[in-house]
Structure formats: structure tokens, C-alpha cells
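As C-alpha cells, the structure follows; a few thoughts come after it.
The values are calculated or read from the model by the stated rules, or taken from the named source; none is laboratory data. All values derive from a computational prediction rather than experimental measurement. Here the Cβ is made from the backbone with ideal geometry for all residues, glycine too, and neighbour counts use every protein chain on show. The area values use the complete protein model at the heavy-atom level, side chains included, leaving out ligands, DNA and RNA. Shrake-Rupley method; radii C 1.70, N 1.55, O 1.52, S 1.80 Å.
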Amino acid sequence: MSARVAVLGLGAMGLPMATALARTFDVVAFDIAPERVALAVEAGATGAATVAEACSGTDVVVVGVRDGAQLDALVLGEGGVADSLPAGAVVVVTSTVGESAVVSVAAALAARGVLTVDAPVSGGPVRAGNGDLLIMVGADDAALAAARPVLDAMSSSLTVVGGIGAGQQLKTVNQLLCGIHTAAASEALALAHRLGLDLDACIEVLSQGAAASFMFADRGPRIAQQLRGETPPLRSRLDVIGKDMGIVGDLTRQLKVATPVAAAAEQLYRAVSAAGLDAADDSVVATTLAQERTW
């Protein structure tokens, strides 16, 4: 084992990333939910009770949080990452938090001599557990070199797109497409459901033609479960995709780029969120679309 790696945040992506890294590195894992830490320990990691404990003696810190506010609190809060790491360590931000959030945190860490890699990931929990993620990297040469063995162990495709913030920029473009494709998959299968078609057969047929997409293949089976009144496994929370589309909306408004389809998808997620479904799998959108209406 050539390095000690801390994984902070063991959510839908953080836990399988920790699992994959534990096959190669000495991994110490932390999350505010003890049950998530226990799962990481079962997968071969060492559990930590605090951020400071996780960071002690660590070369690389992999961060998996939900949004910019959580990133700021984890890294810059009292007893956080910035207070716990020695100069020369590197923090890898794998979350989709937006350009400004990661630039701000990177500047604060740099003042303490700590390096940052802006490395949002894409591919979902299964690929994360297999070390098969797509990673979009923004970093300088020194930070990238320090984190490269860990990044390689997490990914099958890694592209360096520029400096800090560039990874978040490309991930925002990625999430624009993912948010639209998820909404489109929900609409298509809601229509199929209302028509009385066999949803499993629809998914099989549509996945083989021009309508196919990764998001349709990934979300389709869970959407079908939702429409049949079943409860699918929770793999991608509604509030996460809603947050990502909010980042898309903020950036496109700032740049004055017209994105009417993305805006419609964002409003759809907001509507379902308003129904109190933030913690549900985002496939739940289809049940809202399929409801019978009198208008």
C-alpha cells in the first residue's frame, strides 16, 4: 500500500468509491452516519469517528458530499479538513458543487499549503464500486501528480480539462444532459404506462434503438418499478439531481445561454420536490407524470 487515503462522505457514491479504493490503498472512512462507516469497514476500510481522525497521517483525502455548503463545512469548518491536514497533502473533490464552491475551497486550502484536485465523477454507484468511473479533472500539475494513483484506481476514463474549476464546468455540461435524459425517460415510460404497454418490454426494445441512452438504461427499470407501485432501490436521490440542475440553471443564466429544455427539466424536479419527495429515488418523477388528470 503506497498511500493512506481518507474518504469523507459515504453516500451513494462515496461508499462504493471507498470500497474500490480499499482494494489498493489503506483507506480510512468517515461519515456523519455511523451505519455508513460500518459498511465501509465491512468493505475493508478503517472507520474514523471524526474528520480529524480520518485525516491524521493521510496523504490523499477524497471528498464526496452533496453540495457546496457541505463542502465548505467539511473542509473549512472547525475541526475540518483544513485544520487536520499537513502541508503537501491533497484533497480530491469528487462532488458536483459548481465552479465557485470548489475554487473558494481550493484557495483556502492553498493558503495552508494543501493541494486540491477538482475531480467530479460520473457513472453511478455500480461503476464507482468497480473503479470504473469517468472523472473530469481540473488541477495543476503538482496536485494531479499527488492524486494520480488514487484517481487511476477510481476510474476507467480520466480527462484533465484545465485548472481548478474546469472539472466542475464540464460536469455541469454533463449534468445538463443527465437531467434532461432522466426527465425524458420518465416522460416516455409514464406515457407507455398510461397506454397499458409492458414496461419491461418497452425498456428492452427502446434500449436497442436510437432512443437509447445511459440514463434510460440506468433509470428505466427503477421507473418501471415506481409506475407499478413498487419501491425501487435508492441510488440517486431526487434532491441531488435537482441540485445539479440548479447549478446548470445558475451557470446558464450567468452566461446568458438559452437552455429551455434544461429549464423545463429543472422545473419538473422542483415540482416533485415540492411534493416532499426529496429523499426518494429520482425515478419517482415518473409517478407524478403518470397521474390521471381531468384537464
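Applying the selection to the range 146-161, what residues are touching a helix residue (DSSP H, G or I) at 6+ places or on another chain (Cβ under 8 Å) and either basic (Lys, Arg) or within 17 Å of Ala107 (Cα to Cα) (or both)?
The answer is none; no residue qualifies.
Against the conditions (1) surrounded by fewer than 20 Cβ atoms within 10 Å (Cβ to Cβ); (2) not in a helix (DSSP H, G or I), where does Ser95 fall short? Just the number, please.
Only one criterion in (1) surrounded by fewer than 20 Cβ atoms within 10 Å (Cβ to Cβ); (2) not in a helix (DSSP H, G or I) is unmet by Ser95, namely (1).
Any residue in the range 235-242 that is at pLDDT 95 or above, of a type in the set (Gly, Ala, Ser) and over 24 Å from Leu15 (Cβ atoms)?
The answer is no; no qualifying residue exists.
I'm checking my understanding of the structure. Among residues of the range 110-125 that are under 22 Å from the mean Cα position of the chain (by Cα) and free of Cβ contacts under 8 Å to residues at least 60 places away in the same chain, which one is farthest from Ala73 (Cα to Cα)?
Gly123
Consider Val126 carefully, then state whether it is of a type in the set (A, V, I, L, M) and open to solvent by less than 40 Å² (accessible area, probe 1.4 Å).
On the way: of a type in the set (A, V, I, L, M): yes; open to solvent by less than 40 Å² (accessible area, probe 1.4 Å): no.
So Val126 fails the test.
Restricting to helices (runs of 4 or more DSSP H) lying wholly in the range 1-88: which have 2 or more residues that are open to solvent by 50 Å² or more (accessible area, probe 1.4 Å)?
Details: elements: 14-21, 34-42, 51-55, 68-76, 81-84.
Once the helices (runs of 4 or more DSSP H) in the range 1-88 are filtered for at least 2 residues that are open to solvent by 50 Å² or more (accessible area, probe 1.4 Å), what remains is 34-42, 68-76.
Going residue by residue through the range 99-119, is there one that turns out to be closer than 16 Å to Gly9 by Cα and in contact with a Lys or Arg (Cβ under 7 Å, 6 or more places away or on another chain)?
no
From the list Asp278, Asp282, which one is open to solvent by 20 Å² or more (accessible area, probe 1.4 Å), within 29 Å of Gly129 (Cα to Cα) and among the acidic types (Asp, Glu)? So that I can check it myself, show each step before the final result.
Details: Asp282 fails: open to solvent by 20 Å² or more (accessible area, probe 1.4 Å).
Result of the check over Asp278, Asp282: Asp278.
Quick check on my filter: what residues within the range 176-226 are touching a helix residue (DSSP H, G or I) at 6+ places or on another chain (Cβ under 7 Å), without any contact (Cβ under 8 Å) to a residue 40 or more places away in the chain and of a type in the set (S, T, N, Q)?
Those that are touching a helix residue (DSSP H, G or I) at 6+ places or on another chain (Cβ under 7 Å), without any contact (Cβ under 8 Å) to a residue 40 or more places away in the chain and of a type in the set (S, T, N, Q): Ser207, Ser213.
Evaluate the range 193-201: report whether one residue or more is under 30 Å from Ala139 (Cβ atoms), at pLDDT 95 or above and out of contact with any Phe, Trp or Tyr (no Cβ under 9 Å at 6 or more places or on another chain).
Among the residues of the range 193-201, not one is under 30 Å from Ala139 (Cβ atoms), at pLDDT 95 or above and out of contact with any Phe, Trp or Tyr (no Cβ under 9 Å at 6 or more places or on another chain), which makes the answer no.
Of all residues in the range 121-178, count the ones that are over 26 Å from Pro233 (Cα atoms) and polar (S, T, N, Q).
4
Based on what the data block shows, is Val114 within 20 Å of Asp239 (Cβ to Cβ), at pLDDT 95 or above, hydrophobic (A, V, I, L, M, F, W, C) and surrounded by 22 or more Cβ atoms within 10 Å (Cβ to Cβ)?
no
Working only within the range 153-181, note down all residues that are within 28 Å of Phe25 (Cβ to Cβ) and hydrophobic (A, V, I, L, M, F, W, C).
Answer for the range 153-181, where residues must be within 28 Å of Phe25 (Cβ to Cβ) and hydrophobic (A, V, I, L, M, F, W, C): Ala153, Met154, Leu158, Val160, Val161, Ile164, Ala166, Leu170.
Hey, can you tell me all the residues within the range 151-193 that are in contact with an Asp or Glu (Cβ under 8 Å, 6 or more places away or on another chain) and not polar (S, T, N, Q)?
Passing the criteria: Leu158, Gly163, Ile164, Gly165, Ala166, Gly167, Cys178, Gly179.
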